[in-house]
Amino acid sequence: MSTAVASVNNGDGPAAKRQKLEANGVQRKAQRKLGASRLFAPYRTVGLISPTAVPFTSIPLGKTTFQITTSVGRSLQTYDLRKGLNLVFITRPQTPEIITSSLAWKDCVLAAWGGLEHTSARGIWVFKRGKKVAELEIPPSVTENVQMIHTFGSWIVACLASQLLVFKSTTFELYTALQGLPGATYTGCVTSMPTFLNKILVGKNDGSVGIWNTSSGKMVYTILPHSSAYGAVTALQPTPVLGLCAIAYQSGLVVIHAIREDKQVTILNRGSSSVGNTAITSISFRSDGIGAGEDGRKAGVMATSSTASGDITLWDLNNYGRKAGVLRGAHASPSASAAGGISKIEFLPGQAVLVSSGLDNALKTWIFDETPFSPIPRILHTRSGHGGSVTKLMFLPVNSDGSDDRGKWLLSASHDRSLWGWSLRRDGQSTELSQGSVRKRAKKAGIFASEGRERLEDLKAPPITCIACSLNRDGGVGAVPGKQAIWQTATKRKGNNAESSGMTGWESVITGHEGDKMARTWFWGRKRAGRWAFETGDGGEVKSVAISPCGTFALVGSAAGSIDMFNLQSGMHRQRFPARLTPAQARQLKLDLQLAEENVAPSIESRENKFHRGLGKHSAAVTGIAVDSLNKTVISCGQDGRVKFWEFGTGLLLHELDWSGAVSIFGLRYHRSSDLVAFSCSDGCIRVIDIATRRLIRELWSAPSLPLTPKSSNTGDFSFSNDGRWIIAAFSSFVFAWDLPTGHLIDAFKLPAECTALSFSPTGEYFATSLVDGVGVDIWSNRTLFTHVPTRHISKEDLASIVSSTTTTLTTSGEGGELPIDLLADGHEEEEEETGLDTGDLPPPDIDQLSQDLISLSLVPKSRWQNLLHLDLIRQRNKPIAPPEKPKKAPFFLPSLQDRQAARPKDADTETALTLGTEKSRLVKMDREGNRSKFQGSLQAAARTEEYASLIEHLKTLNPSAADVEIRSLDAGASFGSSGSNELVTFVKALTFLLRQKKDFELGQAWMAVFLRLHADVAVEDDELREAIEEWNGALEMEKGRLVGLAEYCGGVVAFMRAARV
């Protein structure tokens, strides 16, 4: 259906938002997408740097910096090198399918995209400063994705598996399609030689390199490999020497080939490595003329890399070539849990800087400036994220000092054994928490230099499975100053001064790790590993951790059922749950148990306590621990189906809820302000307990109609909202939200893949999720902060539609998210659809006034009406002190402007005709307008129709000087309209109308103040004008009385609530 765009001309004011209209002029209503969330709107994705195999592309920006663009799926991110790889652009809109190739060209970036199916859509888009500006049309018959884009001269070449598409770079039109020979496919390696006109080199899977003429569309020549054992061509790169090109093959060889003579110049073999004879997939040459030789003053440096290894090999091509050095561990190597390898390396033109991107989601720059000379560069800049899928998420809690960090930081753990802190306000502040000098330890152990040895990641802690945090004792960057050993165990613990840490603060984060019996501490303020590693008392794997609200004690739950408490300041063991028995207590416990079996009256201690001291240990893994707000009670749950309440100080078991006959418990979440604890159970139910009464208050069930397997029916992760009103849980790829006061399921939506972790910010602004196959963290905004969201129970029909709907896809660039104004505009319409009411066509929401019962201030800039009140003072202040000075006489050799005008000949007839035409047009205009201003015309129209809206809107567009002139020019003698009112009376009636509309209150008061100051003498003599002013004053007193009454009522209610009641 055709649509139109309606816009409102607001004069000098801010431009109104354009609204899309249907063909009949009715505003089109925005409807919520089927399967989308009611409560949350997609905002952005953090942690994506270079997660795909698409190589980065770079381009110089003038002579000062370079811009590097990486692919993150369906968007491109551009970083500025001079600013330390700061993110400057994210392309919008997103491409319909995954990006397969990108290229920076001039001031634009070309992105080729396509799906995996033969019937999928494909295309090439052109972006400029992050916005789409053009598109290259791919023929509909093409069923292959673009593997690489290359530009040279006036051509843009897109390489597919079986053909080359050639476009004109001036018009983006398809020029020709070059079909390859049957049986030989292209490998996506395309390059051009600097001195070869209209010639392009393309690598094939049989090892040959074809040379095509793009202008004539013919194959000129084919370079054959010297042996069929070379394999497919994996990389092509022209050398700084004209006529030479480097060709890499699948066998691992690199051949420097003379293209004109078709002769091999040099053959380089990378040699054996820990991953075998890997193929080189990226080649780059240094172009600043130095870096080779013994002293680094010769030219001829080449760098090679592979997607199967994280090392960068540097070559000296002088004297037939030799290996100058290897940059070990530049990026992570591939592993079973995380991707790795290097996707591309590139020397920046004319710079001693090497840029590399890896499949470990990292972008790095290296600089050659070592003194004395070293062929191995050092790190210059780095931007990275998780290399494996995210497993745990946690927003940092509120700090006790009230600092402005609430909701800003998000902790995330991944399979790549890293712990990251993400800043939601500034990407440059995001950082990985250090685990010590890992590279230094690896170099000392000889891991980089040996073959088949332990990988670099094995020096890090195992993947994190649980996180707990409390910032009340965090000392910031000054916590425990000096060099400290990390993760000391009880047997290897060195002497530490507890008094110094008491003054500066100590660790604030504790984590449990997969297959490890140690829980490790971290300094959040220093962004590094902590001093302690706490071992479980029974030697079992750590399954759960917690920190007391005071930030002093850490609790560790074991897979064997024990719970141990440690002091974070000193690292000492403080308590065990259940408490450890002394020999005397053990004898008394044995006697009590014997008396209980004989049905004899037990001792006083056993009569007072239902549970005996030293008993009550979990019989299975402890899956959740929490400490109440007063450090009095410890709540724990386990896979044995029991919920236990322990006394914090003594370790005695106070109470127990036994669900062992029905379910196992997999997790615990505690909401501190409401003292509610939620448990996820094996039957797919989330049960909520009140700590004060220790009773079950809610059972929240997932939808039984969803297609969930027995394994996925268990809760993946769940969380309370910041106010404790909602519980959000993930079941497989579905996310549910329940309203705790009513117990209703109020929201359900579907994600593209299984949700592994989620977290709700302490401010309620953001909701974070992670997917099983993603390295980024998806951030959602809370819609209820901007608009009313209906929270009625979701029916079975709605759930069935959610199951059959398409997935809710998050966007890296924030596309698909909703602005607050959009939410305000769509909120009422969504509520009508939810309740099933038909209200017809409603007018668009008025942003200038939230409600007709409220007095609203004006959106006109404050300087407009403030300067109008003091315009005389402003003019007096701006009055020149001295008369303008006569300009100094210019030098005699410079002709003046008057001389030039006098020297220019003029046609007398032409000048006379122009003068007469100007006077005639001015007379016609004066006759047509009747010598009236636009304000006076609006004033007369308002007097005739008694419609003052247009007059007010026009007056709002005038600047202070123009408004002052128009108010001064009001004439008491000119009468018009049906009632014969003059201009002064009409103006006062317009201000009375504005006051009764409850809009632009301070603006109307400013206009009336100027009017009374200028025309007070006329108001005394004119009865009609005096009556109009009295009517305006009556309307003002009415509004004043209403506001005073409301204020007194509110004051009375507040005084009543604050007063002491008996």
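The residues in the range 659-686 that are touching a Cys at 6+ places or on another chain (Cβ under 6 Å) and surrounded by 21 or more Cβ atoms within 10 Å (Cβ to Cβ) can be counted, and the count is 3. Pairing residues of the range 385-400 that are closer than 11 Å to CYS469 by Cβ with residues that are modelled with pLDDT of 95 or more and not hydrophobic (A, V, I, L, M, F, W, C), at Cβ distances under 7 Å and at least 6 apart in sequence or on separate chains, gives MET394/SER759; PHE395/SER759.
Residues considered: ARG473, ARG453. Of these, the only one that is farther than 30 Å from ASN86 by Cβ, surrounded by 12 or more Cβ atoms within 10 Å (Cβ to Cβ) and modelled with pLDDT under 75 is ARG453. Residues that are over 31 Å from the mean Cα position of the chain (by Cα) and of a type in the set (Val, Ile, Thr) number at least 1 in the following strands (runs of 3 or more DSSP E) confined to the range 621-711: 622-627, 633-638, 642-647, 665-671, 685-690, 695-701. One residue alone among ILE367, ILE267, ILE290 is out of contact with any Ser or Thr (no Cβ under 9 Å at 6 or more places or on another chain), modelled with pLDDT under 95, within 29 Å of GLY62 (Cα to Cα) and aliphatic (A, V, I, L, M), and that residue is ILE290. Those strands (runs of 3 or more DSSP E) of the range 156-230 in which 3 or more residues are of a type in the set (A, V, I, L, M, F, W, C) occupy 163-168, 174-179, 199-204, 209-213, 218-223. Of all residues in the range 84-108, those that are in contact (Cβ under 8 Å) with a residue 12 or more places away in the chain have Cβ atoms under 8 Å from Cβ atoms of residues that are open to solvent by 50 Å² or more (accessible area, probe 1.4 Å) and among the β-branched types (Val, Ile, Thr), 6 or more apart or on another chain, in LEU85/THR382; CYS108/VAL133. Residues in the range 750-808 that are hydroxyl-bearing (Ser, Thr, Tyr), open to solvent by 30 Å² or more (accessible area, probe 1.4 Å), part of a loop (DSSP other than H, G, I, E, B) and touching a strand residue (DSSP E or B) at 6+ places or on another chain (Cβ under 7 Å): THR791, THR807. Out of THR45, THR78, THR57, one residue alone is open to solvent by less than 60 Å² (accessible area, probe 1.4 Å), modelled with pLDDT of 90 or more, over 30 Å from SER154 (Cα atoms) and under 23 Å from the mean Cα position of the chain (by Cα). It is THR45. For ILE728, the test of being within 28 Å of SER418 (Cβ to Cβ) and more than 17 Å from the chain's Cα centre (by Cα) is passed.
Name every residue in the range 185-230 that is touching a helix residue (DSSP H, G or I) at 6+ places or on another chain (Cβ under 8 Å) and surrounded by fewer than 17 Cβ atoms within 10 Å (Cβ to Cβ), in order of residue number. Within the range 185-230, no residue meets the criteria. Tell me yes or no: at least one residue of the range 121-128 is in a loop (DSSP other than H, G, I, E, B) and either closer than 24 Å to SER251 by Cα or of a type outside the set (A, V, I, L, M, F, W, C) (or both). No: zero hits. With the condition kept exactly as written, say whether any residue in the range 155-175 is open to solvent by less than 70 Å² (accessible area, probe 1.4 Å), of a type outside the set (A, V, I, L, M, F, W, C), closer than 28 Å to ILE256 by Cβ and more than 35 Å from the chain's Cα centre (by Cα). For the range 155-175, residues open to solvent by less than 70 Å² (accessible area, probe 1.4 Å), of a type outside the set (A, V, I, L, M, F, W, C), closer than 28 Å to ILE256 by Cβ and more than 35 Å from the chain's Cα centre (by Cα): absent. Here is the figure for the range 527-564: residues that are free of Cβ contacts under 8 Å to residues at least 60 places away in the same chain, open to solvent by 10 Å² or more (accessible area, probe 1.4 Å) and part of a strand (DSSP E or B) total 1. In the range 129-153, the residue that is farthest from GLY115 (Cα to Cα) out of those that are open to solvent by less than 50 Å² (accessible area, probe 1.4 Å) and not in a loop (DSSP other than H, G, I, E, B) is PHE152. Of all the residues in the range 499-526, those that are touching a strand residue (DSSP E or B) at 6+ places or on another chain (Cβ under 6 Å), open to solvent by 40 Å² or more (accessible area, probe 1.4 Å) and either of a type in the set (Asp, Glu) or assigned to a helix (DSSP H, G or I) (or both) number 1. Checked against the criterion of being part of a helix (DSSP H, G or I), modelled with pLDDT under 85 and surrounded by 13 or more Cβ atoms within 10 Å (Cβ to Cβ), the candidates ALA1019, ALA1028, ALA1009, ALA1035 yield just one match: ALA1019. Selection of the range 688-701 for residues being under 24 Å from SER548 (Cβ atoms), touching a residue at least 24 places away in the same chain (Cβ under 8 Å) and open to solvent by less than 40 Å² (accessible area, probe 1.4 Å) yields VAL688, ILE689, ILE691. For LEU236, the requirement of being open to solvent by less than 30 Å² (accessible area, probe 1.4 Å) and within 16 Å of SER306 (Cβ to Cβ) is met.
Filter the range 566-577 down to the residues that are in a strand (DSSP E or B), open to solvent by 10 Å² or more (accessible area, probe 1.4 Å) and in contact (Cβ under 8 Å) with a residue 40 or more places away in the chain, then identify the one that is nearest to ALA519 (Cα to Cα). Taking the candidates together, the pick is HIS573. Would the range 112-128 turn up any residue that is farther than 19 Å from LEU160 by Cα and either surrounded by 14 or more Cβ atoms within 10 Å (Cβ to Cβ) or within 27 Å of the chain's Cα centre (by Cα) (or both)? Yes, the range 112-128 contains a residue that is farther than 19 Å from LEU160 by Cα and either surrounded by 14 or more Cβ atoms within 10 Å (Cβ to Cβ) or within 27 Å of the chain's Cα centre (by Cα) (or both). Test GLY407 against the stated conditions and say whether it is at pLDDT 90 or above, open to solvent by less than 40 Å² (accessible area, probe 1.4 Å) and out of contact with any Phe, Trp or Tyr (no Cβ under 6 Å at 6 or more places or on another chain). The answer is no for GLY407. Counting only residues that are assigned to a loop (DSSP other than H, G, I, E, B) and in contact (Cβ under 8 Å) with a residue 24 or more places away in the chain, the range 33-83 holds 22 of them. If the condition is being assigned to a strand (DSSP E or B) and either surrounded by 20 or more Cβ atoms within 10 Å (Cβ to Cβ) or of a type in the set (Asp, Glu) (or both), then the range 722-744 contributes TRP726, ILE727, ILE728, ALA729, ALA730, PHE731, PHE734, VAL735, PHE736, ALA737, TRP738, ASP739.
Could you tell me whether the range 87-100 includes any residue that is modelled with pLDDT under 95, among the hydroxyl-bearing types (Ser, Thr, Tyr), surrounded by 20 or more Cβ atoms within 10 Å (Cβ to Cβ) and assigned to a strand (DSSP E or B)? Among the residues of the range 87-100, not one is modelled with pLDDT under 95, among the hydroxyl-bearing types (Ser, Thr, Tyr), surrounded by 20 or more Cβ atoms within 10 Å (Cβ to Cβ) and assigned to a strand (DSSP E or B), which makes the answer no. Every listed requirement among (1) open to solvent by 40 Å² or more (accessible area, probe 1.4 Å); (2) among the hydroxyl-bearing types (Ser, Thr, Tyr); (3) touching a residue at least 60 places away in the same chain (Cβ under 8 Å) is met by SER284 save one, (1).
The values are calculated or read from the model by the stated rules, or taken from the named source; none is laboratory data. Predicted, not measured: the structure shown is a model, and the values here were computed from it. Positions of Cβ are generated from backbone atoms using ideal geometry, with glycine treated the same way; all protein chains shown enter the neighbour counts. Accessible surface areas use protein heavy atoms only, side chains included; no ligands, DNA or RNA. Shrake-Rupley method; radii C 1.70, N 1.55, O 1.52, S 1.80 Å.
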